[in-house]
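I have placed the structure first, in the form of structure tokens, so that the comments after it can refer back to it.
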Amino acid sequence: MRILKWLVGGVAVLAVVLGGAFVWGMQRVSRAREERVQFLGPLVARAMALEALSPADACLVVEGHYLKRETVLTTECKRVTLETTRPGVMRFHGLVVASDWGDAVLGGGSVPTLCLSKGPRGWEVAGASHQLLDCQFDPPTGPEPAKEALAQVEHLRRAWMDDAFAAVRAALKGPDADQEVCEGLPTLSKWGVLVLDADLLGDDPSARPPRTTYIGDPLGYQCLPSMKKEGVNLGPCAAHQFISHVVVFDDIDEPPLQVAGSRYSGGHYSAVAKLVDVRRQQVVCQRPVSFKLPEEQLLVMRQNLHSEYSKQVRAALRQQVEKLTGGKLAAEF
């Protein structure tokens, strides 16, 4: 019993010591941060005005950018890499940023990859690399470099999407393919392949006949001028930076699924799945696809028939797309 009391007492004393040490560490971090901010002021101003940045100067610019945020507690450059991506634009990596007290006291944190650009005020942080196409934009010329860089990137993404849609339209006007399985395809990344209904590419997608299954509509609402609302973020478009192929469901025949009592009508889908090579603007292979909802589904899942039908028809389409591409693409839609 006495030993147990000693152990409990020892643990309590250790907790107090560690807690005190952590509080002391927080105070040390706060003092060091204040001193660093004052020290950086003139150095950051000098670095921003330079014609070209060295890794050390770039680190000063990025440190100054982060220490303007009250939530950032510590910054420290380690193994900096700096690469020019365009004239007046550089990709930077190597600043350890801590916004959590545990990281700040113990020396941890995140290491973002950023884009630096030289604008009217000199060198500034334009944003995160993953949001700016790995820093592929021209130096901003206005007072808000981050907004201008992002606008450039969204314009470029918009152009990629427009080019891909134009390629599909041109391919669908050409001859049909005579192969049901594409030969010699490389493995296709889902990020470089779009999957959509051909009727989305018409002048007025809203005029489509009513159906139960629509493939590609979320993408269309974001990326197609005929569907996109002003001011909508190009999120889904942005995911497809370099579109190499488009899977198109053409000649779709699918009456709406309608349930009345113990009967239903519809429940079947047929189309032609076509793989378009965007660069060649050509349908390289195509195959018919079809699905019919088994009648026994109504007896088991009457209340969820619509969701069950949607799930099964999409699974059937994914299976046919995998066959069409010879297993080179496992599509998600």
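Return the residues of segment 78-102 that are more than 18 Å from LEU132 (Cα to Cα) and not in a strand (DSSP E or B); say none if nothing qualifies.
SER99, ASP100, TRP101, GLY102
Being outside any loop (DSSP other than H, G, I, E, B) and touching a strand residue (DSSP E or B) at 6+ places or on another chain (Cβ under 6 Å) narrows it down to one of ALA177, ALA149, ALA159, so name that one. Lay out the reasoning, then the answer.
On the way: ALA177 fails: outside any loop (DSSP other than H, G, I, E, B); ALA159 fails: touching a strand residue (DSSP E or B) at 6+ places or on another chain (Cβ under 6 Å).
Matching residue, one of ALA177, ALA149, ALA159: ALA149.
Looking only at segment 51-77, how many residues end up being of a type in the set (Asp, Glu), under 17 Å from GLN38 (Cβ atoms) and part of a helix (DSSP H, G or I)?
Adding up the residues that qualify gives 1.
Name the pairs: first residue in segment 46-65 and farther than 13 Å from GLU76 by Cα, second residue β-branched (Val, Ile, Thr) and assigned to a helix (DSSP H, G or I), Cβ to Cβ under 8 Å, at least 6 apart or on different chains?
ALA47/VAL61; MET48/VAL61; LEU53/VAL61
From the list ALA171, ALA146, ALA159, which residue is within 19 Å of VAL61 (Cα to Cα) and aliphatic (A, V, I, L, M)?
Selected residue: ALA146, the only one of ALA171, ALA146, ALA159 that is within 19 Å of VAL61 (Cα to Cα) and aliphatic (A, V, I, L, M).
Counting only residues that are more than 13 Å from MET48 (Cα to Cα), among the polar types (S, T, N, Q) and at pLDDT 95 or above, which one in segment 82-127 is surrounded by the most Cβ atoms within 10 Å (Cβ to Cβ)?
It comes out as THR85.
Check segment 196-203 and report whether any residue there is modelled with pLDDT under 85 and assigned by the TED database to the domain that holds GLN258.
yes
Here's the yes/no breakdown for (1) surrounded by 11 or more Cβ atoms within 10 Å (Cβ to Cβ); (2) modelled with pLDDT of 90 or more; (3) under 31 Å from the mean Cα position of the chain (by Cα):
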{"site": "VAL13", "(1), (2), (3)": "no, no, no"}
{"site": "VAL16", "(1), (2), (3)": "no, no, no"}
{"site": "SER30", "(1), (2), (3)": "yes, no, no"}
{"site": "PRO55", "(1), (2), (3)": "yes, yes, yes"}
{"site": "THR71", "(1), (2), (3)": "no, no, yes"}
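The values are calculated or read from the model by the stated rules, or taken from the named source; none is laboratory data. All values derive from a computational prediction rather than experimental measurement. Virtual Cβ from ideal backbone geometry, glycine too; neighbours counted across all protein chains shown.
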